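To start, the structure itself, in structure tokens.
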Amino acid sequence: MSLLKRFTRSRVFQSVFRGDPDLLTNPAAVMRGSLLLHLHPAKVKKSSLRFTHTFGLGGTALSCFIILVVTGGLLMFYYVPSVNQAYDSMLFIGNKVFFGWFVRNLHRWSAHAMIIFVFVHMIRVFVTGSYKPPREFNWSIGIALLLLTLFFSYTGYLLPWDQLSYWGINVGVNLLNYVPLVGQKLRLFLLGDNTISQSTLIRFYVFHCFVLPVFTVILLSFHFWRVRKDGISSP
Amino acid sequence: MESGRGSKTCSGPCQGYGGQQISRRGFLWAGLGSLLAFVSGSFVAAYYYLFPPDVEDLSKVVDVGSPTQFPVGSVRYIPEKRFFIVHDARGFAAISGICTHLGCTVEWFKVPKRFECPCHGSFFASDGTLLGGPAPRPLDCYEILYQNDRLVVNTGRRVAKDYRCKV
């Protein structure tokens with residue numbers, strides 16, 4: 001018996017991966033037995049698999065998101081969301097921590113890339129008419145995910161706590177004053193104060209690192225599940 | 001597309017370095033290997049990233065100042081390295097402020113003239129002798145030297161309880 005076969009027939013492997021013992025030699029069983037591969041549709045039209053039909057844009061946006069989660073988690077080990085320490089901790093990451101400059105820049109550039117890819121992904125979906133029934137609800141989820149992505153960028157923008165971020169957020173929250181009826185309340189909710197202060201920094205930090213990721217992961221799961229169920233639209 | 005399969009010879013893009021032919025399977029294994037190398041490299045980088053640089057000055061030798069700042073009978077706390085400078089009739093001593101029970105910082109009380117630990121109530125005499133409480137042994141004493149008109153404590157060197165620095 002080959003080493004691979006002996007491994008796949010072992011009790012440990014069998015307890016982790018469901019299905020028949022020769023799972024690895026049966027591609028369809030691999031697809032059904034693995035949570036990650038299971039995210040793919042069971043059947044697809046060959047024409048829809050052409051690279052130039054989707055350009056892999058949604059997947060690229062997801063890759064950006066994964067990079068952002070990993071690098072963001074690493075940044076959280078050093079970043080301190082306090083008005084006295086935020087800027088210094090950002091400099092510390094960039095200048096002192098091993099590979100810190102790389103992690104921070106990777107986070108920054110992936111954030112830019114994610115917005116671009118989400119946007120181009122939406123253009124592709126629009127151009128191929130993939131928003132039409134039965135996929136119209138998934139299009140709506142996509143809109144929500146676009147807004148979440150933009151809000152991610154907006155909240156992350158304040159965190160370095162330098163002049164650029166302070167005045168950038170200042171302009172952003174003052175725009176809320178023009179929103180009828182709920183504008184003032186919304187502004188107070190975001191700032192936690194009448195001006196941008198420590199309460200604002202901690203709020204933006206919590207939005208950026210907890211609230212938005214939770215909603216994004218939930219909506220992403222739903223988004224992918226709908227792609228799996230509805231299938232990829234055929235050209 | 002049909003090039004690179006089996007032992008078929010081919011011209012053009014599948015002709016590898018030095019005229020060797022790379023099979024599709026070989027190419028995929030090489031790709032998987034590179035991916036694994038990249039991922040494990042990232043883990044190594046992340047490992048080093050997670051250990052902070054220059055956490056604190058690990059030098060154990062502290063200059064606590066001129067002896068005139070410590071009159072006879074005084075007990076003064078040096079917070080940076082958590083020890084006390086005790087100046088009694090016999091000279092200067094550096095007594096560790098770290099309780100030998102579970103590491104809280106002891107406090108000096110002038111009235112019963114003793115160190116007391118706020119956590120579990122161990123108490124020690126001014127020379128570090130254990131007087132009571134759960135602590136298993138007396139407070140540590142550090143080497144203290146008189147150099148160029150300054151008192152210098154080395155917290156890396158422990159000395160006996162009756163060690164004194166005379167100026």
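The values are calculated or read from the model by the stated rules, or taken from the named source; none is laboratory data. Since the structure is predicted, the reported quantities are computational estimates derived from the model, not experimental observations. Heads up, the Cβs are rebuilt from the backbone with ideal geometry, glycines too, and the neighbour counts pull from every protein chain shown. SASA here: full protein model, heavy atoms, side chains in, ligands and nucleic acids out. Shrake-Rupley method; radii C 1.70, N 1.55, O 1.52, S 1.80 Å.
Each row is one residue, and each column tells you yes or no for (1) at pLDDT below 90; (2) in contact with a Ser or Thr (Cβ under 8 Å, 6 or more places away or on another chain).
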residue	(1), (2)
A:Leu145	no, yes
A:Thr155	no, no
A:Pro160	no, no
A:Tyr178	yes, no
A:His208	no, yes
Check: Right, B:Val152: out of contact with any Phe, Trp or Tyr (no Cβ under 6 Å at 6 or more places or on another chain) and of a type in the set (A, V, I, L, M) or not?
Finding: yes
Item checked: Of the criteria (1) of a type in the set (Ser, Thr, Tyr); (2) more than 14 Å from chain A (Cβ to nearest Cβ); (3) out of contact with any Phe, Trp or Tyr (no Cβ under 8 Å at 6 or more places or on another chain), which one B:Tyr77 fails -> (3)
Notebook entry, point to check: So is A:Arg135 over 25 Å from A:Arg50 (Cβ atoms) and open to solvent by 40 Å² or more (accessible area, probe 1.4 Å) or not?
Noted result: no
Notebook entry, point to check: For A:Tyr87, which of the numbered conditions (1) out of contact with any Asp or Glu (no Cβ under 9 Å at 6 or more places or on another chain); (2) touching a residue at least 40 places away in the same chain (Cβ under 8 Å) fails to hold?
Noted result: (1)
Checklist line | Output for region A:155-167, where each listed residue is assigned to a helix (DSSP H, G or I) and either open to solvent by 60 Å² or more (accessible area, probe 1.4 Å) or at positive phi (or both) | finding: A:Tyr157, A:Gln163, A:Leu164, A:Tyr166, A:Trp167
Notebook entry, point to check: Out of A:Val118, A:Val103, A:Val69, which single residue is out of contact with any strand residue (DSSP E or B) (no Cβ under 8 Å at 6 or more places or on another chain) and open to solvent by 50 Å² or more (accessible area, probe 1.4 Å)?
Noted result: A:Val69
Note to self: For region B:124-147, which positions are crowded, with 18+ Cβ neighbours inside 10 Å and among the aromatic types (Phe, Trp, Tyr)?
What the structure shows: B:Phe124, B:Tyr142
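Conditions (1) facing another protein chain (nearest Cβ under 10 Å); (2) touching a Gly at 6+ places or on another chain (Cβ under 9 Å); (3) aromatic (Phe, Trp, Tyr), marked per residue:
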| site | (1), (2), (3) |
| --- | --- |
| A:Leu62 | no, no, no |
| A:Gly73 | yes, no, no |
| A:Tyr78 | yes, yes, yes |
| A:Met90 | no, no, no |
| A:Phe98 | yes, no, yes |
| A:Trp101 | no, yes, yes |
Check: Would you say A:Leu188 is more than 22 Å from A:Ile116 (Cα to Cα), outside any helix (DSSP H, G or I), modelled with pLDDT under 95 and open to solvent by 70 Å² or more (accessible area, probe 1.4 Å)?
Finding: no
